[in-house]
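The values are calculated or read from the model by the stated rules, or taken from the named source; none is laboratory data. Just so it is clear, the model here is predicted, and its values are computed rather than measured. Quick reminder, even Gly has a Cβ in these numbers, built from the backbone with ideal geometry, and neighbours come from all protein chains shown.
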Amino acid sequence: MGSTRPTSGQQRVSARRAVADDLETLESGEPRPELELARKRFDEQEQGTGIFAVVEVEGVIVGSGFLDFVDEELTPELKNLWVHEKARRQGAGRLLWRWLEARAQEAGYSQVYLAVDPNNEKAIPLFLNLGYSPTGHHLFMEDPDEHQVTDPSQVSSHYAIFRKSLLAG
């Protein structure tokens, strides 16, 4: 089940589930290859604990994201969303986001969560623009292995939790 739409420049942008043939491309483009997130998220999808999605522009994978169904506090949780820098501001990230939200809704969820480092200045305005609201809750991390900010000295010891209702239209 995929979703396709043209962007403002009339490029074809589509989102779909990741398949094994995507792994080499995903691994070569990972922002943090040492974490091996593409392989981990694909394996989790194969185990049925989440949905690993890719977004393509004109058939070329430019990003990915994961919808996690496991965390009891934040279920489902959108995580590890990224779009290649050269493909940003073309609608790919927004389409990927909406595609994953639709999968959460199809799975029977009425809301979706995400956790973000409060120092991630680029992400928070995007989340607000996509309809997410801060819950006021935090997820404390003793040693976060997935930094969301460029400068390691700016990594927070907690993530702010955001939520979006999937019921509003």
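Within region 72-90, track down each residue that is touching a Gly at 6+ places or on another chain (Cβ under 9 Å), part of a loop (DSSP other than H, G, I, E, B) and touching a residue at least 60 places away in the same chain (Cβ under 8 Å).
Across region 72-90, the qualifying residue is only Gln90.
If you go through region 117-128 one residue at a time, do you hit one that is farther than 20 Å from Ala160 by Cβ, among the basic types (Lys, Arg) and free of Cβ contacts under 8 Å to residues at least 60 places away in the same chain?
no
Identify, by number, the condition in (1) in contact with a strand residue (DSSP E or B) (Cβ under 9 Å, 6 or more places away or on another chain); (2) at negative phi that Asn80 doesn't meet.
If we test Asn80 against (1) in contact with a strand residue (DSSP E or B) (Cβ under 9 Å, 6 or more places away or on another chain); (2) at negative phi, just (2) comes out false.
A quick yes/no check of all residues on (1) part of a loop (DSSP other than H, G, I, E, B); (2) among the hydroxyl-bearing types (Ser, Thr, Tyr); (3) in contact (Cβ under 8 Å) with a residue 12 or more places away in the chain:
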position: Lys40; (1), (2), (3): no, no, no
position: Ile51; (1), (2), (3): no, no, yes
position: Gly63; (1), (2), (3): no, no, yes
position: Val70; (1), (2), (3): yes, no, yes
position: Gly93; (1), (2), (3): no, no, yes
position: Glu101; (1), (2), (3): no, no, yes
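If I ask for residues that are more than 14 Å from the chain's Cα centre (by Cα) and either among the β-branched types (Val, Ile, Thr) or closer than 14 Å to Arg88 by Cβ (or both), which ones from region 40-60 would you list?
Thr49, Val57, Val60
Could you grab the pairs with beta carbons closer than 6 Å, sequence gap of 6+ or different chains, first residue in region 104-116 and farther than 20 Å from Tyr159 by Cβ and in contact (Cβ under 8 Å) with a residue 24 or more places away in the chain, second one in a loop (DSSP other than H, G, I, E, B) and among the hydrophobic types (A, V, I, L, M, F, W, C)?
Gln105/Leu166; Ser110/Leu166; Ser110/Leu167
Taking the options Leu95, Leu81, Leu128, Leu100, name whichever one is more than 25 Å from Glu34 (Cβ to Cβ), at pLDDT 85 or above, crowded, with 17+ Cβ neighbours inside 10 Å and hydrophobic (A, V, I, L, M, F, W, C). Walk me through it before giving the result.
Working: Leu81 fails: more than 25 Å from Glu34 (Cβ to Cβ); Leu128 fails: crowded, with 17+ Cβ neighbours inside 10 Å; Leu100 fails: more than 25 Å from Glu34 (Cβ to Cβ).
Checking each option against the conditions leaves just Leu95.
What residue, of Glu34, Glu24, Glu44, is closer than 30 Å to Ser165 by Cβ and either of a type in the set (Val, Ile, Thr) or in a helix (DSSP H, G or I) (or both)? Lay out the reasoning, then the answer.
Working: Glu34 fails: closer than 30 Å to Ser165 by Cβ; Glu24 fails: closer than 30 Å to Ser165 by Cβ.
Testing whether each residue is closer than 30 Å to Ser165 by Cβ and either of a type in the set (Val, Ile, Thr) or in a helix (DSSP H, G or I) (or both) leaves just Glu44.
How about region 3-39: which of its residues are at pLDDT 95 or above and more than 17 Å from the chain's Cα centre (by Cα)?
Matches in region 3-39: Ala20, Asp21.
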